[in-house]
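Report on the structure given below.
The values are calculated or read from the model by the stated rules, or taken from the named source; none is laboratory data. In this text the structure is predicted, and so the values were computed from the model without any measurement. For neighbour counting, all protein chains shown are included, and Cβ atoms are generated from backbone atoms with ideal geometry for every residue, glycine included. The accessibility values were calculated without ligands, DNA or RNA, using every heavy atom of the protein model including side chains. Shrake-Rupley method; radii C 1.70, N 1.55, O 1.52, S 1.80 Å.
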Amino acid sequence: MQQWKRLAFGVALAALGLTAAAKADDYTSLPRKETLIVENPEGTIKNPGWFNIWVNGGGGVSTGLQQLTMDTLWYIDPEQGLGGATWDNSLAADKPQYNADFTEMTVKLRKGLFWSDGVEFTADDVVYTVKTQMDHPGMVWSAAFSVQVASVEATDSSTVVFKLKKPNSRFHAIFTVRWNGAWIMPKHVFEKVEDPLRYDFANPVSLGAYKLKSYDPQGKWYTWEKRDDWQRTSLARFGEPAPKYVTYTDPGPPDKRTIAQLEHNLDIIHDNTPEGMFTLKEKSKSIETWFPGFPFAHPDPTLPAVIFNTQNPPFDNADVRWALALLIDIKAVDMASYRGAATLSALGVPPTAATMKDYQAPMQDWLKDFEIDTGKSKIKPYDPTVGQQIADILRKQPKFKDQIPTDPQAISGAFGYGWWKPDPKAAGELLEKAGFKKSGGKWLTPDGQPFKIRMTVEGDTRSVFTRAGTLIAQQWAAFGIDAKAVPAAKLWQTALQPGDFQVAIAWSVETWGGDPDLSFFLDSWHSQFVAKKGDNQPPRNWQRWSNPDLDKIIESIRGISADDPKGVELGKDYLKLVAREMPTIPLMSYNVFTSMDTTYWTGYPTISDPYTDPVPNWANSRLMMVKLKPAQPK
């Protein structure tokens, strides 16, 4: 027990006035058999007392705040969902109801739901959420509401009617959780606040099944306690949450996460290195993973990519972007980052099971015929055999040779179909076409300055991506570009959102998961959401790229229902466009090495029981709370 305490809580409090209270509320003093301990991938929170999730104030989101206390109208689970239904009416009583031309959406709400302070949830909360954010630029969903909503009103206590500025059959997506969504604000709290942009929402009122118990003033951990009235929340439809307490903590870098889980002091590791995962599987009999064998990890419906800030020259030039793509040896990147445990994607969509069937496989012939003009020649850059090549490399490793498939279709599903061939000659021709010159073995920009690239990566926070970005920068440097990888704390908040980067390893493509509809991320790529240079960019178009052809595709999708088969054809039009323009360089699946210790809790989601995504920072992970069972008697 003493070792568990030392490992899990190693932060000394500076403020004497907080010390006694903090020790009393230290999560290591809670009954271990009643406490679920989860890694918070955000690490240590800079402004730990900030709970206003509707404003980026330096507080945490994956501290349990969005998973356990927030709620909104609908959820789409990236996996099977409870009861086999990926769609869930959460605060809403039914699916969204649109009029014939998709300019009006009506929402019917559940009755009998209450905030943790005893105030009933009503349509007024929804209306207040939308109007407040429209009235306050800078709030998280302000731009998305402002450009789409003409008016919103509550026609009664459980009915909300939205009138839209333009037809949009996917407007409901803003209120539909995949990882997060537009969370509903407690009107009775915020209406008393002078400025919602400056309000910290301390002691947050909860609409979920848990409420805040305590947190570390230094931002290392947050503990949430099950509400006594959990039955008055939307989660209660699925049963009673098992853990009385849930703690989200920063366990440190991968080696410390691995040690903590081996010692049963960390129930869920959000993500690990491949090496850390291999160690856990070898040394622990109590570890569960999504796949029981190689590649172990859960395939996230996101697409890691080289993201260009296209508002900054020379990355506003597609020829430059393509030149950099043709300098990447993807096999080396895959082996260095994931040790081969990833699925490649040359297309701008994650290689999940659904997109493999709807997009990747049907577009192979198009990819094989695809050409680019370097200014001096036309080349076909696609190599359809790369996935097979990676399988062959892995099969030579004694540890994994028996786990690597031999069937071509299985190989494509596990490792991808193909990717772009390294072609330094074509890359040089494209740079010359863009006005670059090479002098003394070094590339110079059109204005005669050294071509300098700083690749922003996340360091130990996401070490797999850091390794990929570092190797890509090295491959560019070997070609004569002054390229280096530079770690950035809070990459999303400090670099991607304000646009303070040249090139980064991250993702801006996110799909629903099991649904071929690409609107989840694609709608946010419309030019109407691109921020001016220097302003914060709303999610998810971190590359700040706009194109009139893309706008036409998005607007066409907005005008058809979510289940119209035309949506897949429009999705293919998008994929062809971004292959030509290369606003990001798609790399591979985001395989998350989540591991779950069964010493204290069982019932985690796995491929054999895929009721939700096991990655614990997703808001959908609230479903785990009702599926978990204590492994030891109290």
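Applying the selection to the range 406-425, what residues are open to solvent by 40 Å² or more (accessible area, probe 1.4 Å) and aromatic (F, W, Y)? Correct list: Y417 only. R257 passes every criterion in (1) crowded, with 21+ Cβ neighbours inside 10 Å; (2) at pLDDT below 95 apart from (2). Of the numbered criteria (1) more than 13 Å from L587 (Cβ to Cβ); (2) aromatic (F, W, Y); (3) crowded, with 23+ Cβ neighbours inside 10 Å, the one Y338 fails is (1). You will find that of D101, D135, the residue that is among the acidic types (D, E), under 26 Å from E555 (Cα atoms) and without any contact (Cβ under 8 Å) to a residue 24 or more places away in the chain is D135 and no other.
Counting the residues of the range 50-83 that are farther than 11 Å from W183 by Cβ, among the hydrophobic types (A, V, I, L, M, F, W, C) and buried (at least 20 other Cβ atoms within 10 Å of the Cβ) gives 6. The residues listed here are V152, V161, V147; of these, the one that is within 20 Å of P186 (Cβ to Cβ) and open to solvent by less than 50 Å² (accessible area, probe 1.4 Å) is V152. Checked against (1) open to solvent by 10 Å² or more (accessible area, probe 1.4 Å); (2) modelled with pLDDT of 90 or more, P299 meets all criteria but (2). Pairing residues of the range 495-520 that are open to solvent by 30 Å² or more (accessible area, probe 1.4 Å) with residues that are assigned to a loop (DSSP other than H, G, I, E, B) and of a type in the set (D, E, K, R), at Cβ distances under 7 Å and at least 6 apart in sequence or on separate chains, gives no pairs at all. With the condition kept exactly as written, say whether any residue in the range 114-128 is hydroxyl-bearing (S, T, Y), open to solvent by less than 40 Å² (accessible area, probe 1.4 Å) and under 30 Å from D564 (Cα atoms). Within the range 114-128, not a single residue is hydroxyl-bearing (S, T, Y), open to solvent by less than 40 Å² (accessible area, probe 1.4 Å) and under 30 Å from D564 (Cα atoms).
Within the range 11-40, the only residue that satisfies the criterion of being touching a helix residue (DSSP H, G or I) at 6+ places or on another chain (Cβ under 7 Å), at pLDDT below 95 and either closer than 16 Å to G64 by Cβ or among the hydrophobic types (A, V, I, L, M, F, W, C) (or both) is L13. Restricting the range 379-394 to residues that are of a type in the set (S, T, N, Q) and free of Cβ contacts under 8 Å to residues at least 40 places away in the same chain leaves a set whose member that is surrounded by the most Cβ atoms within 10 Å (Cβ to Cβ) is Q388. Scanning the range 210-219 for residues being surrounded by 21 or more Cβ atoms within 10 Å (Cβ to Cβ) and outside any strand (DSSP E or B) gives a total of 2. Just one residue in the set S158, S206, S151 is among the small types (G, A, S) and closer than 26 Å to V530 by Cα; that residue is S151. Selection of strands (runs of 3 or more DSSP E) fully inside the range 76-170 by the criterion of at least 2 residues being at positive phi returns nothing.
Restricting to the range 602-624, name every residue that is touching a helix residue (DSSP H, G or I) at 6+ places or on another chain (Cβ under 6 Å) and over 21 Å from N89 (Cβ atoms). Matches in the range 602-624: G603 only.
One residue stands out among those in the range 426-449 that are loosely packed, with under 13 Cβ neighbours inside 10 Å and of a type outside the set (D, E): the one that is farthest from R321 (Cα to Cα), which is G440. Do we have I453 as aliphatic (A, V, I, L, M), under 20 Å from N591 (Cα atoms), in contact with a helix residue (DSSP H, G or I) (Cβ under 9 Å, 6 or more places away or on another chain) and touching a residue at least 24 places away in the same chain (Cβ under 8 Å) here? So I453 fails the test.
Return a yes/no flag: does the range 186-195 have any residue that is closer than 29 Å to D564 by Cβ and open to solvent by 30 Å² or more (accessible area, probe 1.4 Å). Scanning the range 186-195 turns up no residue that is closer than 29 Å to D564 by Cβ and open to solvent by 30 Å² or more (accessible area, probe 1.4 Å).
One residue stands out among those in the range 84-113 that are hydroxyl-bearing (S, T, Y) and over 22 Å from T511 (Cα atoms): the one that is most open to solvent (accessible area, probe 1.4 Å), which is Y98. Under the condition of being small (G, A, S) and touching a residue at least 60 places away in the same chain (Cβ under 8 Å), the residues counted in the range 395-417 number 3. Got a number for residues in the range 474-489 being open to solvent by less than 40 Å² (accessible area, probe 1.4 Å) and either β-branched (V, I, T) or touching a helix residue (DSSP H, G or I) at 6+ places or on another chain (Cβ under 7 Å) (or both)? Qualifying residue count, the range 474-489: 6. For the range 521-542, filtering for residues that are closer than 25 Å to W87 by Cβ, buried (at least 22 other Cβ atoms within 10 Å of the Cβ) and not polar (S, T, N, Q) leaves 4. Inspect all residues belonging to the range 575-595 and state whether any of them is among the β-branched types (V, I, T), closer than 20 Å to P295 by Cα and out of contact with any Gly (no Cβ under 7 Å at 6 or more places or on another chain). For the range 575-595, residues among the β-branched types (V, I, T), closer than 20 Å to P295 by Cα and out of contact with any Gly (no Cβ under 7 Å at 6 or more places or on another chain): present.
Quick check on L471: is it in contact (Cβ under 8 Å) with a residue 60 or more places away in the chain, within 33 Å of the chain's Cα centre (by Cα) and open to solvent by less than 10 Å² (accessible area, probe 1.4 Å)? It is false that L471 is in contact (Cβ under 8 Å) with a residue 60 or more places away in the chain, within 33 Å of the chain's Cα centre (by Cα) and open to solvent by less than 10 Å² (accessible area, probe 1.4 Å). Among the residues of the range 351-378, those identified as modelled with pLDDT under 95 and either touching a strand residue (DSSP E or B) at 6+ places or on another chain (Cβ under 7 Å) or surrounded by 22 or more Cβ atoms within 10 Å (Cβ to Cβ) (or both) are P351, T352, T355.
Report the residue count in the range 452-468 for those that are open to solvent by 50 Å² or more (accessible area, probe 1.4 Å) and within 24 Å of N40 (Cβ to Cβ).
Residues flagged as open to solvent by 50 Å² or more (accessible area, probe 1.4 Å) and within 24 Å of N40 (Cβ to Cβ) within the range 452-468 amount to 3.
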